[in-house]
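Q: This structure is in structure tokens; I'll ask about it shortly.
Bear in mind that the values in this text are calculations on the coordinates, not laboratory data. Computed from a prediction, not measured in an experiment: that's the story for all the values here. Cβ placement follows ideal geometry from the backbone for every residue including glycine, while neighbour counts extend to all protein chains displayed.
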Amino acid sequence: MTMRRAEPRRKKRRMNELLERALFRPYAALMTLVEVVIDPIQRLIGQRRMGYFFVLPNLLVFGIFILFPMLLNFYYGFTAGNSILPQNREFVGTANLEALFNCTDFANPNTCQHDRFWRAVGNTSGFVVFQVGIMVIFALITALALNRDIRARGFFRGVFFYPVLLSPVVVALIWKWMLQPEGIFNGVLVSTGLERMDFLTDPTQARLWVIIVSVWAQMGFHTLILLAGLQSIPKELYEAAWMDGAGAWRSFRSVTLPLLMPTMVVVLVLSLIRAVQVFDQVYVLTTGGPGTATLYMVQYIFQTAFDRRDFGVAAAASLVLAVVLLFLTLFQLRLGRTSEIA
Amino acid sequence: MAEQALKGIRAFLLRRQGRKRLTAADVVTYLYLLAGVGVMFGPVVWLVMSSFKSQASLYNFPPTFFPYRQETVTLPGYAEPLALYDITFADGTTRRLAQVSRVGIAARMIDPADPEGGLLDVNLREIQDRKPVQSVFFDTTNYSGGVESFPFVNYLKNSVVVTVLATLLTLLINSMAAFGLSKYRYRGRDAIFLVMISTLMVPISVILIPAFLVITQVGWVNNLWGVIIPGAATPTGVFLLRQYMLTLPDELLESARIDGASEWRIYWQIVLPLAAPALAVLTIFSVMWRWNDFLWPLIVLNHSELFTLQVGLNAFQGALNVQWHYILAMTVLTLLPITIVFALLQRYITSGIATTGMK
């Protein structure tokens with residue numbers, strides 16, 4: 001293995017030297033120039049307080065564009081009106097939240113004042129359960145396959161990862177083209193003598209394909225994390241299990257699974273958090289349709305705010321989403337702690 | 001000869017490290033992975049193939065894998081090139097004929113090998129078969145026409161500006177913050193870090209409305225800065241870099257201070273080069289996030305001349321729902337840059353993500 005890699009490694013080192021010379025010199029010149037401005041600041045505030053200085057730019061951007069909006073979101077959630085300007089909004093207390101939860105029967109969105117919200121909640125729940133379930137299973141199988149002693153592992157790893165890099169818009173267009181009525185899937189169906197199908201115009205089919213597409217697009221990322229988890233399991237444990245007479249299945253169940261559990265938890269929670277936020281792919285693929293079959297929470301918030309300009313209800317809905325995400329994050333922290341102890 | 005080659009291929013496929021034999025589990029593994037190659041690459045290959053089909057053949061149903069072109073022949077006396085067909089007559093003979101004109105089931109055809117022989121009247125009901133003569137042909141007019149009707153270069157420019165500036169800014173302010181949070185002791189440090197970390201999981205979708213308000217107040221609606229700046233202070237990046245910088249020994253910094261280096265010099269000449277692996281990972285993430293970003297630019301940018309590729313592509317497919325031939329070509333052009341980068345840096349990207357495990 002090391003013998004085979006020796007030659008490319010030398011070549012790589014030469015490349016790195018070249019890169020370093022091309023990149024580092026302008027970088028050093030620029031930074032020396034900046035030094036002229038920043039060193040007086042150090043003289044002014046003293047070396048010990050330079051910590052504040054280094055944190056400041058990031059803290060400013062963070063405060064203005066993330067932290068402040070987070071707090072302001074509560075204000076929007078508790079006010080009404082069509083104006084986005086805070087001073088022109090009327091305080092209505094929990095009226096927006098109450099309106100969202102104004103349902104005579106929560107199982108039936110038609111009985112709700114904001115029926116689209118509850119459809120979005122229902123659709124999102126279904127999507128999260130199936131998308132995460134299917135994706136984690138396939139990611140695990142793929143990671144196990146890639147963890148075996150096989151040829152061209154790097155190539156296969158890259159193949160499964162490639163769709164992760166594609167933008168949601170590109171992913172959606174690729175699949176929209178295949179799923180359209182005259183597309184390749186219907187072509188294959190017709191050439192084998194089967195009936196055509198309405199992939200994106202039938203509600204159940206559309207929901208199914210939205211899940212398939214997002215599994216296709218995101219699976220590689222989770223596969224990589226699981227693969228890293230698998231590779232961190234010491235080989236000696238498998239050897240010990242083998243010496244004790246454990247077969248492949250037994251050593252998978254008693255060595256691989258328990259030791260992979262912490263990684264599995266990370267993958268599960270990361271994919272849950274992403275699934276709850278499903279938006280862009282679906283927006284391009286189905287625009288939430290047919291009807292409201294693939295309308296999810298983020299699209300509901302986006303359209304309520306920017307198409308209907310009902311900022312209060314949209315902000316209230318995003319508070320609900322934030323609570324769900326907070327719950328998932330806490331869940332992850334908790335699970336992370338227990339798996340550390342175990 | 002062929003047998004020997006087959007043996008060679010077999011030996012190559014079955015050869016493994018340690019010279020073990022291929023087991024059933026290995027075969028299943030390879031079959032699964034090869035199927036995976038088909039599933040993962042297939043849709044993209046299909047897109048690329050489709051993008052080279054002419055507008056007319058794009059709607060042939062059922063579709064063919066390769067793009068085809070109708071073969072034509074130019075004969076003296078005819079201004080337009082004539083389409084070629086293989087006609088199988090009722091008696092079973094097949095002739096290759098060029099079609100001069102056709103009305104309903106009556107076609108007037110001419111034998112290109114014998115143009116002097118005059119026109120033949122062919123009744124399309126009385127023949128067995130009539131196949132257009134086609135050959136594989138990659139039609140690039142979708143690309144040239146698409147670039148004309150879709151301001152691809154402009155969108156590309158916007159996307160590149162956003163991605164490059166945002167990534168540089170992210171690297172700068174995130175690494176500064178990480179340095180300030182990992183190598184100094186001062187009041188409020190841990191509080192700042194905690195507040196940043198607690199927003200790690202807050203997505204832009206949750207704070208859309210107030211974030212948009214801030215952008216309107218700053219005057220950055222329809223301004224690329226409105227896309228670049230807000231995402232630059234990513235908590236993920238600060239967290240990643242801080243954890244990495246904590247592992248750098250403080251003695252290194254102390255000895256530099258004794259040598260008279262200023263804090264800024266320590267930052268750029270010692271800490272940043274040592275944190276290069278973590279910076280590389282953050283660069284990959286930032287480029288990926290920014291290049292593929294959709295929801296936020298969709299809200300901030302309303303003027304089409306400011307659209308990034310993703311927003312532009314979405315508007316294009318929404319406005320011209322039937323112009324698939326252009327959409328396909330433009331989609332290929334949009335995924336091309338990131339595909340090339342990935343092909344070149346595949347090893348670094350996959351191992352970088354595997355070691356930090358985040359997105």
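Q: Where the centre of each part is set by its Cα atoms, how far does the stretch A:192-235 sit from the stretch A:248-327, in angstrom?
A: For the stretch A:192-235 versus the stretch A:248-327, the Cα centre distance is 15 Å.
Q: Could you give the nm distance between label points at A:Ile134 and B:Asp259, where each point is 7 Å from its Cα heading toward the beta carbon?
A: Taking the two extended label points, one gets 5.8 nm.
Q: Alpha carbon centre of the stretch B:191-233 versus the stretch B:18-48: separation in Å?
A: So the two Cα centres are separated by 42 Å.
Q: Also, quick follow-up: Quick one: if you stick a label point 7 Å off each Cα along the C-beta vector at A:Lys11 and B:Leu200, how many nm between them?
A: 3.9 nm
Q: Compute a Gaussian network model of chain B, connecting alpha carbons closer than 10 Å, and tell me which residue from B:Leu336, B:Leu241, B:Leu306 fluctuates the most.
A: Among B:Leu336, B:Leu241, B:Leu306, the largest mean-square fluctuation in the Gaussian network model of chain B belongs to B:Leu336.
Q: Taking chain A as a Gaussian network, where each spring joins two C-alpha atoms under 10 Å apart, which residue of A:Leu18, A:Leu146, A:Leu97 fluctuates the most?
A: Ranking A:Leu18, A:Leu146, A:Leu97 by mean-square fluctuation puts A:Leu18 first.
Q: Below 8 Å between Cα atoms, with a sequence gap of 6+, how large is the relative contact order for chain B in percent?
A: 18 percent
Q: Right, something else. Under 10 Å, Cα contacts only: if you run a Gaussian network model on chain A, which one of A:Pro258, A:Pro40, A:Pro86 comes out with the highest mean-square fluctuation?
A: Checking each option, the largest mean-square fluctuation is seen for A:Pro40.
Q: State which helices in chain B qualify, where a helix is a whole DSSP H run, it must extend 27 Å or more along its own axis by its Cα atoms, and its mean Kyte-Doolittle hydropathy must be at least 0.0.
A: Values: long enough: B:24-51 (40 Å, 1.59); B:152-182 (43 Å, 1.43); B:324-356 (41 Å, 1.28).
Flagged H segments are B:24-51, B:152-182, B:324-356.
Q: Rounded to the nearest 0.05, what FRET efficiency is calculated for B:Lys157 and B:Asp86 with R0 set to 45 Å and r the Cβ-Cβ distance?
A: So, using R0 = 45 Å, E works out to roughly 0.40.
Q: Go ahead and run the numbers for FRET between B:Leu31 and A:Ser232, Cβ-Cβ distance against an R0 of 25 Å, rounding to 0.05.
A: It comes out at approximately 0.40.
Q: In which sequence would A:Met261, B:Met196 go, from the one with the fewest C-beta neighbours within 10 Å to the one with the most?
A: Least to most surrounded, the residues fall as A:Met261, B:Met196.
Q: Taking the number of other C-beta atoms within 10 Å as the exposure measure, put B:Trp264, A:Trp175, B:Trp46, B:Trp225 in order starting with the fewest. Write down the numbers at each step before the final one.
A: Details: B:Trp264 22, A:Trp175 26, B:Trp46 18, B:Trp225 15.
Ascending number of Cβ neighbours within 10 Å: B:Trp225, B:Trp46, B:Trp264, A:Trp175.
Q: Compute the relative contact order of the stretch B:72-132 as a whole-number percentage, counting only Cα pairs closer than 8 Å that sit 6 or more residues apart in sequence.
A: 31 percent
Q: What is the calculated FRET efficiency for A:Arg250 to A:Ala29, with r their C-beta to C-beta distance and R₀ = 60 Å, to the nearest 0.05?
A: Numbers: r = 62 Å, r/R0 = 1.03.
It comes out at approximately 0.45.
Q: Now, a different point. Using +1 on the beta carbon of Lys and Arg, -1 on that of Asp and Glu, and nothing else charged, what's the dipole of the stretch A:2-95 about the Cα centre, debye to 20?
A: Rounded to the nearest 20 debye, it is 1020 debye.
Q: Which ordering of B:Trp291, B:Trp220 is given by a fewest-first count of other beta-carbon atoms within 10 Å? Working shown, then result.
A: Numbers: B:Trp291 23, B:Trp220 17.
Final ranking by Cβ density, sparse to dense: B:Trp220, B:Trp291.
Q: Rounded, prolate or oblate for the stretch A:2-95? Axes are the square roots of the Cα gyration tensor eigenvalues, ordered a ≥ b ≥ c, and the cut-off for rounded is a/c under 1.5. Could you put the intermediate results ahead of the total?
A: Details: a/c = 3.99, a/b = 1.91, b/c = 2.09.
Oblate, since a/c reaches 1.5 and b/c is not below a/b.
Q: Ok, one more. Let me know the shape class of the stretch A:98-341, please: from the alpha-carbon gyration tensor, a ≥ b ≥ c as square roots of the eigenvalues, rounded when a/c is under 1.5, otherwise prolate if a/b is greater than b/c, or oblate.
A: oblate
Q: Another question about this same structure. Report, in debye and to the nearest 20, how large the dipole of the stretch B:72-132 comes out about its Cα centre when Lys and Arg carry +1 and Asp and Glu carry -1 on their Cβ.
A: Around 220 debye, computed over the stretch B:72-132.
Q: Calculate I(q)/I(0) for the stretch B:119-186 by the Debye formula, one identical point scatterer on each C-alpha and no solvent, and give its log10 at q = 0.12 Å⁻¹ to two decimals.
A: -0.69
Q: Let me ask something else about it. Going by average Cβ neighbours within 10 Å, how do the peptides B:82-95, B:199-212 rank, with the highest at the top? Please list the in-between numbers first.
A: On the way: B:82-95: 13.9, B:199-212: 21.6.
Put in order of decreasing packing, that is B:199-212, B:82-95.
Q: Average projected area of the Cα convex hull of the stretch A:10-64, in nm²?
A: 6.0 nm²
Q: So, one more: In the protein assembly as shown, what is the count of Lys pairs whose alpha carbons are under 26 Å apart, counting only pairs at least 8 residues apart or on separate chains?
A: Lysine pair count for the protein assembly as shown: 7.
Q: Here is a further query. At 30 angstrom or more along the helix axis (alpha-carbon based) and mean Kyte-Doolittle of -0.5 or higher, what helices does chain A contain? Whole DSSP H runs only.
A: Sorted by number, the helices that extend far enough and score high enough are A:2-45, A:115-146, A:203-231, A:311-341.
Q: Mind checking the mean number of beta-carbon atoms from other chains within 10 Å of the Cβ atoms in A:171-184?
A: Per residue, the average neighbour count from other chains is 6.
Q: Per-residue mean of other chain beta-carbon atoms within 10 angstrom of the beta-carbon, peptide A:299-308? Can you show the working numbers first?
A: Values: counts 2, 0, 4, 6, 0, 1, 4, 5, 0, 0.
So the per-residue partner count for this stretch is 2.
Q: What does the average come to when, for each residue of peptide B:177-189, you count the partner chain Cβ atoms lying within 10 Å of its Cβ?
A: Mean partner-chain Cβ count within 10 Å for B:177-189: 5.
Q: Given the Cα-Cα distance of A:Leu257 and A:Thr104 and 0.36 nm per residue of separation, how much length would full extension add, in nm? Could the numbers behind the result be given before it?
A: Working: separation 153, 0.36 × 153 = 55.08 nm, distance 4.48 nm.
Once the chain is fully extended between A:Leu257 and A:Thr104, it gains 50.6 nm.
Q: Related question: Quick one: pull the percentage of alpha-carbon pairs in chain B with a separation above 26 Å.
A: Summing the P(r) tail past 26 Å for chain B gives 70 percent.
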